[in-house]
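Just below is one structure, and these are the notes that go with it.
The values are calculated or read from the model by the stated rules, or taken from the named source; none is laboratory data. Predicted, not measured: the structure shown is a model, and the values here were computed from it. All Cβ positions, even for glycine, are placed from backbone atoms using ideal geometry, and neighbour counts span all protein chains on display.
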Amino acid sequence: MFKSITIPATIIFICFSGISIAQHTNSDVVQPQEASLEEKLAGSAWRTDYYICTGIAYAKKNGKTVEDFTEFVGNLHDLGKNLEDVVNVMYSVPKTYPNGEAEVLSKTDSQAVVRINRPWSAYFKNGLLLGVSLEEFESYLFGHLMIMGNKIDLQLDFKYEGENEVIITIKTI
């Protein structure tokens, strides 16, 4: 009995699918547009930050602190192998955001100073994102970077300058 119902149902499905497809013209088909490099970078930065906030929110929901989540993630990731790698990360990551800015202010063999703006702060202009504040997000972000830096004998210090800039000092220890 199953075969006798399945075969006619399959034939009817194929016929109606064919009619449906035949009725569409090329103008009815959605033509996706390739995203620009700027749109791709902005989307990637947003997704990363959204997932960070998701992780923080999940940790908080389960009785953990932002610091607990920071330590967990920081110990999973690597930042690079040396001062040069870290300077490149500090310089390039902010530039993946719309309006992201970074400038290497100084660099020697044992220390570098980088100034960045805070482009991710735009996600918090209306308050919390997934129950996470800008302060919690930056506590995670900078704490995560410090943990990864310590793993390769680098000390990272973050100092706010005005409302929209952070001075990052990276030293060998």
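So the values come out like this:
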{"read-out": "When residues of the stretch 35-50 are limited to those that are hydroxyl-bearing (Ser, Thr, Tyr) and within 18 Å of residue 94 (Cβ to Cβ), the one modelled with the lowest pLDDT", "value": "44"}
{"read-out": "Residue within the stretch 155-164 that is at pLDDT below 95, surrounded by fewer than 19 Cβ atoms within 10 Å (Cβ to Cβ) and charged (D, E, K, R) present", "value": "yes"}
{"read-out": "Count of the stretch 85-108 residues which are modelled with pLDDT of 95 or more and either in contact with a Ser or Thr (Cβ under 9 Å, 6 or more places away or on another chain) or farther than 20 Å from residue 166 by Cβ (or both)", "value": "2"}
{"read-out": "Some residue of the stretch 59-73 being in a loop (DSSP other than H, G, I, E, B) and farther than 23 Å from residue 47 by Cβ", "value": "yes"}
{"read-out": "Residue in the stretch 111-120 that is within 19 Å of residue 158 (Cα to Cα), out of contact with any strand residue (DSSP E or B) (no Cβ under 8 Å at 6 or more places or on another chain) and of a type in the set (S, T, N, Q) present", "value": "no"}
{"read-out": "Given (1) in contact with a helix residue (DSSP H, G or I) (Cβ under 9 Å, 6 or more places away or on another chain); (2) surrounded by fewer than 16 Cβ atoms within 10 Å (Cβ to Cβ); (3) basic (Lys, Arg), number of the condition residue 81 does not satisfy", "value": "(1)"}
{"read-out": "Residue match in the stretch 101-115 (condition: under 24 Å from residue 54 (Cα atoms) and of a type outside the set (Val, Ile, Thr))", "value": "no"}
{"read-out": "Qualifying positions in the stretch 84-103 - assigned to a loop (DSSP other than H, G, I, E, B) and crowded, with 20+ Cβ neighbours inside 10 Å", "value": "97"}
